[in-house]
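The values are calculated or read from the model by the stated rules, or taken from the named source; none is laboratory data. In this text, all values refer to a predicted model and were calculated from it rather than measured experimentally. As a convention, Cβ positions derive from the backbone with ideal geometry for all residues, glycine included, and neighbour counts pool all protein chains shown.
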Amino acid sequence: MSKFTIHHSTIYTYQTPVYDGANQIMLFPIRDEQQEILEHQLKITNEPLVDTYIDYYGNEVGTFTTKEYHKELKIDSIMVVEIHKKALPEISIFIEEQWTNLKQLSHQLPHINFLKQEVFSLEAEVYQAINPEQKKTNAPYQVAKNLNSYVYENFKYIKGITNVSTTVEEIWKLKAGVCQDFAHILLVMLRYMGIPARYVSGYICGQKNEMRGEGATHAWVEAYLPDYGWLGLDPTNNCIVDDLHVKLAIGRNFEDCSPVKGTYKGSSKHRLEVKVNVSYEDDTTQFRKELETEIEVDNTPLNSYRRFVEMQQQQQQQ
């Protein structure tokens, strides 16, 4: 069991005053058997009324408006969460039966939603990478772990070369990105294998160990396994999700789980700053780690693949 206190701060600073904002937040940690929410509070600039509802995937979603003029919008989410370990799946000898069960699920809700593939023209390359023949000798659990390791070993963790609009095809060509990109690639590979897979947003709290993805919201994948349920897989760190991951939302992809998004009237020039402070404790010692990341919004879109090529050219010239 692990206990974390997480302070997630999102700050929008606008070049000139803006008004009439409509915002959506997915900053309410999921409550389930593994994740107990001991405390949660929201603090938002000018204290607007936040209406909440439960979406199709079971996430709590908040909405609020900011009609008055403002040059800054700050959203603070503070939570105390207790995470309990979940037993790992058992290695099954009934391989063919498990794959048959998954095939039957492919026509049932909600699993059909997590098998729907994104438009992807490089299907042949993906099939070669996932090696569908391994289904003959490996159960879904083993295949999911193999694909998780494949993404970790074949994609480089590089910040700044992708963004939320980068396509799966671009990520595949780049063979690089951050946690969100690693998760999207693993989703594609699992779904081609016939394993329902869903995107998860949240936080990773590395305690004494440095882990990729600390400092802002993290992303990973959950794969559905027969006779077990949803298994968390983190391709960014090549691990099975245990008691170091805190879940905020689940969905088909990033679009279903975006922590904060909205619209407003006014100048498009703005700056986004995200800070995540994590404190945690174990049975003997209390540890504290403060993490923060700052994002300068560039209003000029840049193809991420072209950006990657430019970075490589610059390195070669040095």
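Tabulated values for the structure
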quantity: Count of residues meeting criterion [more than 29 Å from TYR14 (Cα to Cα) and crowded, with 16+ Cβ neighbours inside 10 Å] in region 58-84; calculated: 4
quantity: Condition check for THR13: of a type in the set (Val, Ile, Thr), over 20 Å from the mean Cα position of the chain (by Cα) and surrounded by fewer than 18 Cβ atoms within 10 Å (Cβ to Cβ); calculated: yes
quantity: Flag for GLY262 being of a type in the set (Gly, Ala, Ser), modelled with pLDDT of 90 or more and not assigned by TED's automatic domain parsing to the domain that holds GLN142; calculated: yes
quantity: Answer residue from region 1-58, given it is assigned to a strand (DSSP E or B) and small (Gly, Ala, Ser) and is modelled with the lowest pLDDT among those; calculated: SER2
quantity: All strands (runs of 3 or more DSSP E) inside region 222-281 with 2 or more residues being among the β-branched types (Val, Ile, Thr) and touching an Asp or Glu at 6+ places or on another chain (Cβ under 9 Å); calculated: 270-281
quantity: Count of region 92-120 residues which are more than 29 Å from LEU248 (Cα to Cα), β-branched (Val, Ile, Thr) and loosely packed, with under 13 Cβ neighbours inside 10 Å; calculated: 2
quantity: Long-range neighbours under 9 Å by Cβ, at least six apart or interchain, first residue under 27 Å from LYS159 (Cα atoms) and not assigned by TED's automatic domain parsing to the domain that holds PHE28 within region 224-248, second assigned to a loop (DSSP other than H, G, I, E, B) and of a type in the set (Gly, Ala, Ser); calculated: ASP234/GLY213; THR236/GLY213; ASN237/GLY206; ASN237/GLY213; LEU244/GLY206
quantity: Matching residues in region 166-191 - criterion: being closer than 23 Å to PRO132 by Cβ and over 15 Å from the mean Cα position of the chain (by Cα); calculated: GLU169, ILE171, TRP172, LYS173, LYS175, MET189, LEU190, ARG191
quantity: Which numbered condition GLU214 fails, given (1) in a loop (DSSP other than H, G, I, E, B); (2) over 23 Å from ALA129 (Cα atoms); (3) in contact with a helix residue (DSSP H, G or I) (Cβ under 8 Å, 6 or more places away or on another chain); calculated: (3)
quantity: Cβ-Cβ under 7 Å pairs, at least 6 apart or on other chains, region 24-36 side closer than 16 Å to SER9 by Cβ, far side among the basic types (Lys, Arg) and part of a strand (DSSP E or B); calculated: PRO29/LYS247
quantity: Residue count, region 59-68 (criterion: modelled with pLDDT of 95 or more and not hydrophobic (A, V, I, L, M, F, W, C)); calculated: 5
quantity: Looking only at region 92-124, and only at residues there that are closer than 14 Å to LEU186 by Cα and in a helix (DSSP H, G or I), the one that is modelled with the lowest pLDDT; calculated: GLU123
